[in-house]
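Asker: Got a structure for you, written out below as structure tokens; questions coming shortly.
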Amino acid sequence: MAARLSIRTLNGNLTRAHLPDVQVHLALPKRFLGAAIVLVVCLMALFAPQIVPGDPSQIDARSRLQAPSLEHPFGTDAFGRDLFRRVVHGAQPSLGVSVFAVALGAFPGILLGMMAGRRGRWLDHLLTQVMDAWIALPGVLLALLLAAVMGRSLVVLTLALGVGTIPMFYRVARAETLRIRSALYVEAAVSLGADSWRITRAHVLPNIASSMIVLCTVMVGRMLLATSALSFIGLGAPPPSPEWGGLLAEGRTHMHEAWWLMWFPGLIIALTTFGFYLLGNSVRDQQAGE
Amino acid sequence: MRFLLRRLLQAIPTLLALSLVVFLTLDLVPGSAASAVLDDASSDAAKSLLCQQLSCDQPVLTRYVSYLGGLLHGEWGTSIRNGRPVFDEIMLRLPSTLALTVGAIAVAALVGGMLGSIAAAHQGTRWDTAITGVVSVAASLPSFWVALILVSIFALQLGWLPVFGSGSPRHYVIPVLSVAVALIPGITLLTRSSLLETRRQMFVVAAHARGIPQRAVFWRHIEPVAAIPIVSYIGVQAVHLVGSLVAIEVIFNLPGLGGLAVQAALDRDPFLLQGATLTIAVITFAILLVVDVLVMILDPRIANAPA
């Protein structure tokens, strides 16, 4: 019995370690700050042309590599393009890939996780084995494979990152479903003769929804880091796109002479990721409090 | 021992499935490898010649089985771009990747473990607040950006370290640090919470009550137990490590597997990409296995547990 128990705890630890659980220990109004950052970035993604009008790829040979000034708050790049405008316009591809990748991974992952948790037995065994193998193929390698096959584009990147996150959502959804499986309200529903689908939809899903939302929020931040890293090494959108990782790749070639090309895109990636972590964390803290 | 054997056996079907997925992804897509390498302008004769070399007239499964057989014999196919054997190419680049991976994990475990221990020892003080605050922020930094910043400060401005390239251990200082930065926040916070949790356990209280010196209680009783979740965490993070590893190798032009895989993907070089991807997957598995063994040593209860 004791041995069984220890395996359980070990698995508990592993599940916890699998969670992209970024604890944020800061004496800050987490929820307010996180929500504010996320809101600003979302507004940038949706209304970039209204916020900073003009074409982000417009070349101006007269103003090459200018340091930040009132006219160009973030400076200009080697083609004289305004970096501030490019950063604001870059929110859409950067955030778009992250959000769609999470949606792509969350939907099948959570569905399968709930099924495995509800049914148990062979289905659970099979799915868990498959997902364990799946997790060994990191999204980055998947992105490399798909890029070789389908060419480089933001769609391919989204697909690869999304498919790569399915096991993560599966694991957490399964663990959460198992946690509430023996809850009284589930047993009551079973004894009233509710079918499996109804129990999943009306009892399991609403009760794991909040932790799934937290997971999704944190994952968007994590996907943003992955997206920018992959774009940076040339697997994202081709050059004129203002995607943030791509901006950093351009900044890298001029890091000797133009510090702003490297600092501002990097800071915006870090700040946005931080915003999503803060938001997810504040919600989790509140849940734990309840 | 039985535990170890079981873990090894479990790895085999997983690796087989993985190799099949990799093989099929690069195979079942519209356009054979031949047409990926040669553009439309090349003659049909050239295409069919290449096709013959790749034996693409045979069914997929036949080719997969023969590829698999080749893998076991060290015949991993040849690179389409430069015609060199894939196996040699990979063995040439393995040391660099291993050095980077092991170095980064070691540095991260050391720094993260130390920071976490300090924070736990001084729980609730300014030290604790400062450490947890800093690592919370550090968790959202992209590691390749950290690499660029470190280069611009320590290589370009101060000139203490070489900029890019490889050759001496000094070239690996910044790459190892940048990969480690991605791991340190998680390890620090987990060390802290794990130590705090273990400290409250009854066996620790009992050890104190028996009059065992503080230092001995910490190293002999608290540390091994508190380390278990941290070691498993490192294993799990190994999977995500690959992501930052690839970007770092590309930035620093290190002769590693990540850079090789990226080049192969951009060149559409199927055998090279297959080889590199599978090797990276095997490394990931090896790390997971080492972690399992370590956990088993730290927690003997697991080895004796029924399946």
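Asker: Out of all the residues in the stretch B:147-193, which are surrounded by fewer than 22 Cβ atoms within 10 Å (Cβ to Cβ) and among the polar types (S, T, N, Q)?
Answerer: Scanning the stretch B:147-193 gives B:Ser152, B:Gln157, B:Ser166, B:Ser168, B:Ser193.
Asker: Got at least one residue in the stretch A:237-244 being within 29 Å of A:Ala173 (Cβ to Cβ) and either touching a residue at least 40 places away in the same chain (Cβ under 8 Å) or out of contact with any Lys or Arg (no Cβ under 7 Å at 6 or more places or on another chain) (or both)?
Answerer: Scanning the stretch A:237-244, I find no residue that is within 29 Å of A:Ala173 (Cβ to Cβ) and either touching a residue at least 40 places away in the same chain (Cβ under 8 Å) or out of contact with any Lys or Arg (no Cβ under 7 Å at 6 or more places or on another chain) (or both), so the answer is no.
Asker: Would you confirm, using the coordinates I've provided, whether A:Gly289 is open to solvent by less than 10 Å² (accessible area, probe 1.4 Å) and either touching a strand residue (DSSP E or B) at 6+ places or on another chain (Cβ under 7 Å) or modelled with pLDDT under 80 (or both)?
Answerer: Taking the combined requirement at face value, the residue does not satisfy it.
Asker: Another question, then. Would you be able to say whether some residue in the stretch A:81-99 is modelled with pLDDT of 75 or more and part of a loop (DSSP other than H, G, I, E, B)?
Answerer: Checked against the condition, which is being modelled with pLDDT of 75 or more and part of a loop (DSSP other than H, G, I, E, B), the stretch A:81-99 yields at least one hit.
Asker: When you check B:Glu89 against the structure, is it of a type in the set (D, E, K, R), touching a helix residue (DSSP H, G or I) at 6+ places or on another chain (Cβ under 9 Å) and part of a helix (DSSP H, G or I), yes or no?
Answerer: yes
Asker: Within the set of pairs 6+ apart or on separate chains, which have a first residue in the stretch A:144-156 that is at the interface with another protein chain (Cβ under 7 Å from one of its Cβ atoms) and touching a residue at least 60 places away in the same chain (Cβ under 8 Å), a second that is open to solvent by less than 20 Å² (accessible area, probe 1.4 Å) and β-branched (Val, Ile, Thr), and C-beta atoms under 8 Å apart?
Answerer: A:Leu144/B:Val246; A:Leu144/B:Val262; A:Leu144/B:Thr277; A:Ala147/A:Val156
Asker: Being among the small types (Gly, Ala, Ser) and free of Cβ contacts under 8 Å to residues at least 12 places away in the same chain is the filter; apply it to the stretch B:194-248 and report the residue that is farthest from A:Met219 (Cα to Cα).
Answerer: For the stretch B:194-248, the residue satisfying everything is B:Gly211.
Asker: In the stretch B:117-167, what count of residues is obtained for those that are closer than 25 Å to B:Ile222 by Cα, in a helix (DSSP H, G or I) and away from chain A (no Cβ under 12 Å)?
Answerer: Residues that pass the stated criteria total 5.
Asker: When you go through (1) modelled with pLDDT of 80 or more; (2) more than 12 Å from the chain's Cα centre (by Cα) one by one for B:Leu257, which number turns out not to apply?
Answerer: Evaluating B:Leu257 over (1) modelled with pLDDT of 80 or more; (2) more than 12 Å from the chain's Cα centre (by Cα) leaves (2) as the failure.
Asker: Among the numbered criteria (1) within 26 Å of the chain's Cα centre (by Cα); (2) open to solvent by 40 Å² or more (accessible area, probe 1.4 Å), which single criterion is violated by B:Val205?
Answerer: (1)
Asker: Looking at this structure, is B:Ser193 within 14 Å of another protein chain (Cβ to nearest Cβ), part of a helix (DSSP H, G or I) and over 21 Å from the mean Cα position of the chain (by Cα)?
Answerer: Judged against the criteria, B:Ser193 is a match.
Asker: Let me ask you something else. Can you confirm whether B:Thr198 is among the hydroxyl-bearing types (Ser, Thr, Tyr) and either more than 10 Å from chain A (Cβ to nearest Cβ) or in contact with an Asp or Glu (Cβ under 8 Å, 6 or more places away or on another chain) (or both)?
Answerer: Yes, satisfied.
Asker: Related question: Answer with yes or no whether A:Phe107 is without any contact (Cβ under 8 Å) to a residue 12 or more places away in the chain and of a type in the set (A, V, I, L, M, F, W, C).
Answerer: yes
Asker: OK, next. Is it true that A:Phe264 is facing chain B (nearest Cβ under 8 Å), assigned to a helix (DSSP H, G or I) and open to solvent by 10 Å² or more (accessible area, probe 1.4 Å)?
Answerer: In short, no.
Asker: Follow-up question, since we're still on this one. With respect to B:Pro255, is the statement that it is touching a residue at least 12 places away in the same chain (Cβ under 8 Å), buried (at least 24 other Cβ atoms within 10 Å of the Cβ) and either at the interface with chain A (Cβ under 9 Å from one of its Cβ atoms) or touching a Ser or Thr at 6+ places or on another chain (Cβ under 7 Å) (or both) true?
Answerer: no
Asker: Going through the stretch B:266-283 one residue at a time, which ones are facing another protein chain (nearest Cβ under 7 Å) and at pLDDT below 80?
Answerer: Passing the criteria: B:Leu266, B:Arg268.
Conditions tested, residue by residue: (1) among the β-branched types (Val, Ile, Thr); (2) within 21 Å of B:Leu26 (Cβ to Cβ); (3) touching a Leu at 6+ places or on another chain (Cβ under 9 Å); (4) open to solvent by 30 Å² or more (accessible area, probe 1.4 Å).
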{"position": "A:Gly151", "(1), (2), (3), (4)": "no, yes, no, no"}
{"position": "A:Leu157", "(1), (2), (3), (4)": "no, yes, yes, no"}
{"position": "A:Ala160", "(1), (2), (3), (4)": "no, yes, yes, no"}
{"position": "A:Gly164", "(1), (2), (3), (4)": "no, yes, yes, no"}
{"position": "A:Phe169", "(1), (2), (3), (4)": "no, no, yes, no"}
{"position": "A:Ala173", "(1), (2), (3), (4)": "no, no, yes, no"}
{"position": "A:Thr177", "(1), (2), (3), (4)": "yes, no, no, no"}
{"position": "A:Arg181", "(1), (2), (3), (4)": "no, no, no, yes"}
{"position": "A:Tyr185", "(1), (2), (3), (4)": "no, no, no, yes"}
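Asker: For the stretch A:209-244: of the residues being surrounded by 24 or more Cβ atoms within 10 Å (Cβ to Cβ) and away from every other protein chain (no Cβ under 14 Å), which is farthest from the chain's Cα centre (by Cα)?
Answerer: The qualifying residue farthest from the chain's Cα centre (by Cα) is A:Pro242.
Asker: What number goes with the only condition from (1) part of a helix (DSSP H, G or I); (2) within 21 Å of A:Val99 (Cα to Cα) that A:His203 does not pass?
Answerer: (2)
The values are calculated or read from the model by the stated rules, or taken from the named source; none is laboratory data. Computed from a prediction, not measured in an experiment: that's the story for all the values here. Counting neighbours? That spans all protein chains shown, and the Cβs are built from the backbone with ideal geometry, glycine included. Areas reflect the complete protein model, heavy atoms only, side chains present, ligands, DNA and RNA absent. Shrake-Rupley method; radii C 1.70, N 1.55, O 1.52, S 1.80 Å.
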